[in-house]
1. For the range 142-165, which positions are farther than 20 Å from residue 219 by Cα, within 16 Å of the ligand (Cβ to nearest atom) and surrounded by fewer than 17 Cβ atoms within 10 Å (Cβ to Cβ)?
2. If you go through the range 272-313 one residue at a time, how many are within 16 Å of the ligand (Cβ to nearest atom) and free of Cβ contacts under 8 Å to residues at least 40 places away in the same chain?
3. Just need a number here: residues in the range 443-468 that are within 31 Å of the chain's Cα centre (by Cα) and in a helix (DSSP H, G or I).
4. Output the residue which, of all residues in the range 258-271 that are more than 11 Å from the ligand (Cβ to nearest atom) and surrounded by 14 or more Cβ atoms within 10 Å (Cβ to Cβ), is modelled with the highest pLDDT.
5. Out of (1) in a loop (DSSP other than H, G, I, E, B); (2) surrounded by 11 or more Cβ atoms within 10 Å (Cβ to Cβ), what's the single condition that is false for residue 16?
6. Give me a count of the residues in the range 92-129 that are assigned to a helix (DSSP H, G or I) and either outside the structural domain of residue 171 (by TED's automatic domain parsing) or more than 16 Å from the ligand (Cβ to nearest atom) (or both).
7. Of all residues in the range 199-250, which are within 15 Å of residue 70 (Cβ to Cβ), touching a strand residue (DSSP E or B) at 6+ places or on another chain (Cβ under 9 Å) and not in a strand (DSSP E or B)?
8. Of the residues that make up the range 392-399, is at least one touching a strand residue (DSSP E or B) at 6+ places or on another chain (Cβ under 7 Å) and not in a loop (DSSP other than H, G, I, E, B)?
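The values are calculated or read from the model by the stated rules, or taken from the named source; none is laboratory data. No experiment lies behind these values; they were computed from the predicted model shown. When we count neighbours, we look across all protein chains shown, and the Cβ atoms used for this are built from the backbone with ideal geometry, even at glycine.
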Ligand SMILES: *Cc1c(COP(=O)(O)O)cnc(C)c1O
């Protein structure tokens, strides 16, 4: 597809302005004149077609299967979009007096309570704007909690399967990061944890089910080990989609959780739009939560700004209100039974796909999985010299989005597949058929896979070069390699 500048034809215009009846000659600097700026010259229909065709190249959940592990790319019902756009919500100003936005405050207040119910925590803040921001907030809460007790702890423990945001958050706040091994079943290695869990550790950050898609069977023992040494346990709730209505981090012994509303509770994501990463805590930690807190008394809903122990604000106003509204609408529409159904369906779908694909790719952790599973392309890499990256690119030729690849780091040539509950058997089978075909290609015609993609608008990109020498201007691109 050509760029607008390549389509430009000298002298072609989109609109014909009327002749000016002003006699004086305009004094416009030369480099601001049409020729000086070098804008493309096109007719209206040229431009409309260009952008309409570009828009149809987008790939999203609304156009096809999106098995991007860890990201929960489920279909988001459109009714939640309508809710987020209701005039009464949309036209509010965040600085409006509380008396004039009781409905919005009630939505936030009720959502906090619903999230407490879902996670088994006792208080929530809706301020953080993504999972990583929730981690930052939660770890700041940990720090404040220890400071209040007159303690200073230097380390935070994460498993070797953890998402990069976990150690990054801990390091950002000045903690030394200790990495604990996973055992041969993919659970946290208890012996390793026992060895490293000392009174110098502020806490453990652990997602469950973990990034291998496995529910850690020893979770209650793990939280006990950490608590015995006075530490706190942080729940990275990115994988909550597997256990809604089935199990609660609060009951497993976790002290702090974040949820990714944009993943689990129905907000389209992946295009760089706003997210939301509410943080929930047990009672002891509530005084440290960010302000303002939303409170309800006989006079209605209001805001409390003062709390001597609060870590302060972590976001302007009340967080990503549109995402909060979608989550509220989604939870209300599904109800407790519906949320449980969603998780059960997500887990069933993942296990079905895992069973279909395990014959064609290696399955390093051979256990019932939760909402996602991790395959390894090591057989293809060693025997056919075809790597997971090639397989991911080949999927694009078949018109499917690739799974998450090379994560978690502990699986060689990892492919992390999360089908979500909103896919039916037909699309799961289609995906499995394609993956099967690619596995056969790796043996019979490996050059087809290593040369992929061939059918996409742009072929294989040099991502290292793109990162090191990004071409940001079309004119410059001519002089670039
Ligand atoms: C997505 C994810 C995060 C980070 O969440 P963001 O909302 O992208 O900031 C953290 N941990 C895990 C396991 C995740 O999948």
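1. Correct list: 164 only.
2. Residues of the range 272-313 that are within 16 Å of the ligand (Cβ to nearest atom), as a first pass: 272-280.
Those still in the list that are free of Cβ contacts under 8 Å to residues at least 40 places away in the same chain too: 272-273.
Qualifying residue count, the range 272-313: 2.
3. In the first step, residues of the range 443-468 are kept if they are within 31 Å of the chain's Cα centre (by Cα); the result is 449-468.
Subsequent filtering for residues that are in a helix (DSSP H, G or I) retains 449-450, 463-468.
Residues flagged as within 31 Å of the chain's Cα centre (by Cα) and in a helix (DSSP H, G or I) within the range 443-468 amount to 8.
4. At the first step, the residues of the range 258-271 found to be more than 11 Å from the ligand (Cβ to nearest atom) are 265-266, 268, 271.
Among the residues that remain, those that are also surrounded by 14 or more Cβ atoms within 10 Å (Cβ to Cβ) are: 265-266, 268.
Values: 265: 97, 266: 91, 268: 89.
Once the filter is applied, the top-ranked residue is 265.
5. (2)
6. Applying the first criterion (assigned to a helix (DSSP H, G or I)) to the range 92-129 yields 98-100, 102-119.
If we keep only those that are either outside the structural domain of residue 171 (by TED's automatic domain parsing) or more than 16 Å from the ligand (Cβ to nearest atom) (or both) as well, we get 98-100, 102-114, 116-118.
Residues in the range 92-129 being assigned to a helix (DSSP H, G or I) and either outside the structural domain of residue 171 (by TED's automatic domain parsing) or more than 16 Å from the ligand (Cβ to nearest atom) (or both): 19 in total.
7. 207, 208, 210, 211, 212, 213, 214, 238, 240
8. In the first step, residues of the range 392-399 are kept if they are touching a strand residue (DSSP E or B) at 6+ places or on another chain (Cβ under 7 Å); the result is 392.
With not in a loop (DSSP other than H, G, I, E, B) added as a condition, the list becomes 392.
Yes, the range 392-399 contains at least one residue that is touching a strand residue (DSSP E or B) at 6+ places or on another chain (Cβ under 7 Å) and not in a loop (DSSP other than H, G, I, E, B).
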